[in-house]
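Bear in mind that the values in this text are calculations on the coordinates, not laboratory data. Treat the numbers as computed from the prediction; the structure is a model and nothing was measured. A quick note on method: Cβ atoms are made from the backbone with ideal geometry, for glycine too, and the neighbour counts reach across all protein chains shown.
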Amino acid sequence: MPDTLEAPYRLSDQLCFAVYSTAHAFNRVYKPLLDRIGLTYPQYLAMLVLWERDGVPVKEIGERLFLDSGTLTPLLKRLEKAQLIKRTRSSADERQVLIALTPQGHALQDKAKAVPQSILAATACSVAELSAIKNELVALRDRLNEAAGE
């Protein structure tokens, strides 16, 4: 990017396009890896949340993934249809739906263990480099969310 924003109409100068096109490149690398384990990228993200902590409310998954219920509910229904998760009402608060892994959902974690190593190899970066990039992106995301009033 240039030092000034005098020419903000060039695509190559847009940070948002660099992030957008990088996300597409990530998706192209993730797709064959996730196809092998039968997940889409959004489903993989939901499963990552559940592999970290099982039996969480739908609301928590949505907050962690920055997804609204209109997007998250169909995704969770497909995971349930694939018998990877089970949705149940909370006994403490029937308005709350809890998501728990099934035995198949737990077993899928072993199959997914190769995904991060494959992504690391595809980036040709060190773990330290990727960690630094991720930290910068998270900080940027948080500042943008704050600016947007979220």
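Things to note:
- The string of couplings for region 13-19 from the Karplus curve (6.51, -1.76, 1.60, θ = phi - 60°) is 8, 8, 4, 4, 6, 4, 5 Hz, one whole number per residue in order, with x for Gly and Pro.
- HN-Hα J in Hz across region 83-92 - Karplus 6.51, -1.76, 1.60, θ = phi - 60°, x for Gly and Pro: 6, 9, 9, 9, 9, 9, 6, 5, 6, 7
- Extreme residue, positive dipole direction of region 30-112, given options V49, T102, Q83 (C-beta unit charges): Q83
- Between region 74-113 and region 118-150, the C-alpha centres lie 28 angstrom from each other.
- Under the Karplus curve 6.51 cos²θ - 1.76 cosθ + 1.60, θ = phi - 60°, whole-Hz ³J(HN,Hα) for region 122-132, x wherever Gly or Pro sits: 5, 6, 6, 10, 7, 4, 5, 4, 5, 5, 5
- Net charge of the neighbourhood of E52, taken over other residues with C-beta under 13 Å away and scored Lys/Arg +1, Asp/Glu -1, is 0.
- Other-chain or far-sequence residues with amide H under 5 Å of I85's (modelled H): E80, T102
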